[in-house]
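Below is one structure, written out as structure tokens; comments come after it.
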Amino acid sequence: MPLTNALFDSPKRVFAHYFNPYPLSIDNAPPANDYYNRNYLSKTGESSKWAAQGGFLRQRPAGVAVSTSANWQQLHMEQEISAAIGRGITGFTFDSLTATDATDSNSAMHLMLAAAHAVDSRFKIVVMPDITALGSDSNAVVEIIAAAAASPSAYRLADGRLVVTAFDAGLNSPAWWQSVISRLTAQGIHIAFVPTFLGWSASADAFAAFSYGFGDWGSATVGGSSAQQGDPEIVHKTYGKIFMMPVDPQQYRPKDSVYWEAGNSGAFRDAWNSSIQGDADWIQLVTWNDFTETSAISPTTDATLQRTIGTGFFNLTGYYAAWFLTGQQPQITHDVLYYFYRREPTTAASPAQTDKVTLVNGAAQNNIELLAFLTSPGVLKITIGGKTYTQNAAAGIVSFKVPSQAGTPLFTLSRGGVDVFSFNGGVQIYGSAGLPTGLQDLTYWNGSASKSGICSL
């Protein structure tokens with residue numbers, strides 16, 4: 001990674017969407033038996049509320065030790081901020097779901113603002129009232145924004161305006177938003193509004209007069225990510241605004257029994273490339289930690305608490321964030337192999353789950369991907385099911401895919417007939433009969449390794 005000065009001094013910004021219902025720990029209990037493992041990742045958790053879906057979640061944060069500090073929630077947020085900075089993230093868009101974020105001094109929003117100030121004053125928080133939760137409650141939205149404005153960790157432009165976004169801002173009318181902005185102005189709070197839309201172009205004309213820019217929630221599909229490359233230029237030329245590009249690793253929502261086809265790492269990489277080539281002003285990673293959408297780029301795991309099965313998107317973020325912020329593609333200084341694959345095909349049986357997952361967008365893919373970052377040409381190998389597949393690879397970034405099949409894949413880089421290093425994928429793949437639990441899991445599990453070892457976070 002470049003020095004943090006080079007990243008924070010960039011005129012561009014990389015924000016990650018922070019969804020506060022899912023902190024590193026909910027109850028400060030031992031991870032093997034904490035709220036995530038007992039309830040969210042169990043079919044019978046929360047009194048079997050999510051039994052039909054096979055459980056509420058499929059992934060969770062990497063476990064943290066029980067803290068003896070009374071301030072453990074803020075300390076955990078500080079850990080997350082440090083991890084984010086380590087991968088080139090310059091701030092969080094903080095999703096605010098309730099007015100208590102403003103009125104409770106110990107709320108998650110206030111703790112996050114304090115945590116950012118404690119870790120690095122350059123790491124900024126953009127408050128994001130969530131309109132799907134707050135609806136048309138203008139009092140709550142004004143209170144939330146005003147409370148954030150009091151913190152030095154809130155992101156402001158050089159002219160002093162407070163940057164504010166909102167999730168699904170189009171649910172409220174332009175007149176409603178103009179009233180909110182007027183009420184804030186009357187309090188001496190001048191904002192730069194960058195609403196996040198579920199499809200920005202439909203609302204741009206109506207919101208342009210009072211917006212500093214536009215953001216979009218995006219789509220975790222290869223086609224959707226590629227299609228947005230031209231959006232920043234349209235916004236710049238047509239509206240004279242900035243554009244906050246979405247970068248989404250995957251979308252699989254167990255509680256809703258739906259998924260979007262991300263094509264292993266394809267949607268994520270395409271979104272970054274669209275942002276870089278399209279000259280986006282800001283990026284919003286969708287998301288840092290929304291486990292209900294299986295879209296977290298923070299280090300993740302499952303109920304086993306393995307620390308090697310959810311590091312891939314996190315580490316890739318560092319490469320692309322450095323490129324986006326500095327304008328220079330980073331040099332590959334050592335060989336790294338990443339993997340992205342599901343632990344079962346999309347068509348696998350799931351007899352213990354009554355609500356079956358359906359595809360929302362894209363064409364279903366069932367592949368094992370080996371993504372290589374190579375200092376010089378080599379041969380990539382994927383060994384599974386008693387067979388070895390090979391591909392000659394040039395120096396640079398190379399994606400190698402083979403059809404998914406039962407077993408645990410072995411990934412290898414070789415040169416001149418000699419293996420440089422090998423490692424096993426972190427999760428076993430099951431065939432058409434599905435997982436032993438009888439439940440579905442369409443998560444793209446991911447990790448990485450170099451000659452020095454497997455990444456464990």
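Values as computed for the structure displayed
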item	result
Residue count for region 406-433, restricted to those that are more than 27 Å from the chain's Cα centre (by Cα) and either of a type outside the set (Val, Ile, Thr) or within 17 Å of Gln306 (Cβ to Cβ) (or both)	13
Residues within region 190-227 that are surrounded by fewer than 17 Cβ atoms within 10 Å (Cβ to Cβ), of a type outside the set (Phe, Trp, Tyr) and more than 16 Å from Pro249 (Cα to Cα), tallied	9
Counted residues, region 323-347 - those being under 20 Å from the mean Cα position of the chain (by Cα) and over 28 Å from Ser414 (Cα atoms)	2
Residue tally, condition out of contact with any helix residue (DSSP H, G or I) (no Cβ under 6 Å at 6 or more places or on another chain) and of a type outside the set (Gly, Ala, Ser), over region 208-239	10
Hey, Tyr338 under 21 Å from Ala16 (Cβ atoms) and touching a residue at least 60 places away in the same chain (Cβ under 8 Å) or not	yes
Region 293-309, residues that are closer than 13 Å to Leu41 by Cβ and buried (at least 21 other Cβ atoms within 10 Å of the Cβ)	Thr294, Thr300, Thr301, Asp302
Filtered residues of region 275-292 (kept if free of Cβ contacts under 8 Å to residues at least 60 places away in the same chain and surrounded by fewer than 24 Cβ atoms within 10 Å (Cβ to Cβ))	Ile276, Gln277, Gly278, Asp279
Filter result (closer than 28 Å to Thr383 by Cβ and touching a Gly at 6+ places or on another chain (Cβ under 6 Å)) within region 341-366	Glu344, Ala348, Ala349, Ser350, Gln365
Hits in region 432-455 - residues which are in a loop (DSSP other than H, G, I, E, B) and open to solvent by less than 70 Å² (accessible area, probe 1.4 Å)	Gly434, Leu435, Gly438, Leu439, Gln440, Asp441, Leu442, Thr443, Tyr444, Cys455
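The values are calculated or read from the model by the stated rules, or taken from the named source; none is laboratory data. Model, not experiment: these values are computed from the prediction. Counting neighbours? That spans all protein chains shown, and the Cβs are built from the backbone with ideal geometry, glycine included. Surface accessibility is based on the protein's heavy atoms, side chains included, excluding ligands, DNA and RNA. Shrake-Rupley method; radii C 1.70, N 1.55, O 1.52, S 1.80 Å.
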